[in-house]
Amino acid sequence: MTMANAGTSRRTKVAKIMTEVFAPPILVVGLLVVVGIHSTSSIGQGLLLSAVAGFFAAGLPYAIMLVGIRRGRLSDRHLSLREQRPTMMIIGFVSVSAGLLVMVWLDAPREFLALVGAMLTGVGVALAISSFWKISIHAACAAGSVAILVIVFGWIMLLLVPVVVAVCWARVTLQDHTARQVIAGVVLGTFVAAGVMSVLA
């Protein structure tokens, strides 16, 4: 193997790790846990709310996706084929909507409701765009997560911006997205998450 090939192989390996570690379901669950604990009076209550919301926002859609992959209806966990995205996003939208209703029923704190509302809005906008263009959901989710953390915990959370850059780099390196698609994802994630969170929280 030449030095050039070895370098390419290492970059690809790192990009794959970044893609998996910062996959949308992981970021969604992590964000729910952090904001859930922050917005409630006890860690136990925060974990309970985040577990219930996480089931609707990530667990259930992810389980349905895995079934689709096993049955050959979906190509992979990252939905590389744009044509397969709308159906899964509709499922995600319905599931997160149900989760939001459950959160209202459980009388979740306003900040936590705002977070789930921001997630629901993000899925809706991404669904509309994915019907004709393959925007990067990884980039949108990473950027949106940082935007929400900045709103909740302050400007110190901007130290996480390099994570967003790394996720964008990984998606382009793996040729799953173009530079335009990851930039669009960052813009979408940032403005939707920050806008909805600021208004509702």
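Just so you know, all these numbers are worked out from the coordinates, no wet-lab data involved. Just so we're clear, the structure is a prediction, and the values are computed from it rather than from any experiment. Ideal geometry is used to build each Cβ from the backbone, glycine not excepted, and the neighbour counts take in all protein chains shown.
Observations
- Whole-number D in µm²/s for the range 3-200 (Stokes-Einstein; Kirkwood sum over Cα pairs; 37 °C, 0.692 mPa s): 192 µm²/s
- Sites listed here are trypsin sites (Lys or Arg not before Pro) in the range 72-128 whose DSSP assignment is loop and whose Cβ has at most 13 other Cβ atoms within 10 Å: R73.
- In this entry, the range 127-190 is assigned a mean projected area of 4.1 nm², taken as a quarter of its C-alpha convex hull surface.
- One compactness figure for the range 52-99 is 1.09, namely its Cα radius of gyration divided by 2.2 N^0.38 Å.
- A P(r) calculated from all alpha carbon pairs of the range 75-121, with 5 Å bins opening at zero, reads 5, 21, 24, 16, 14, 10, 8, 3 percent.
- Over the range 1-75: Kirkwood hydrodynamic radius from C-alpha pairwise inverse distances, Å: 14.8 Å
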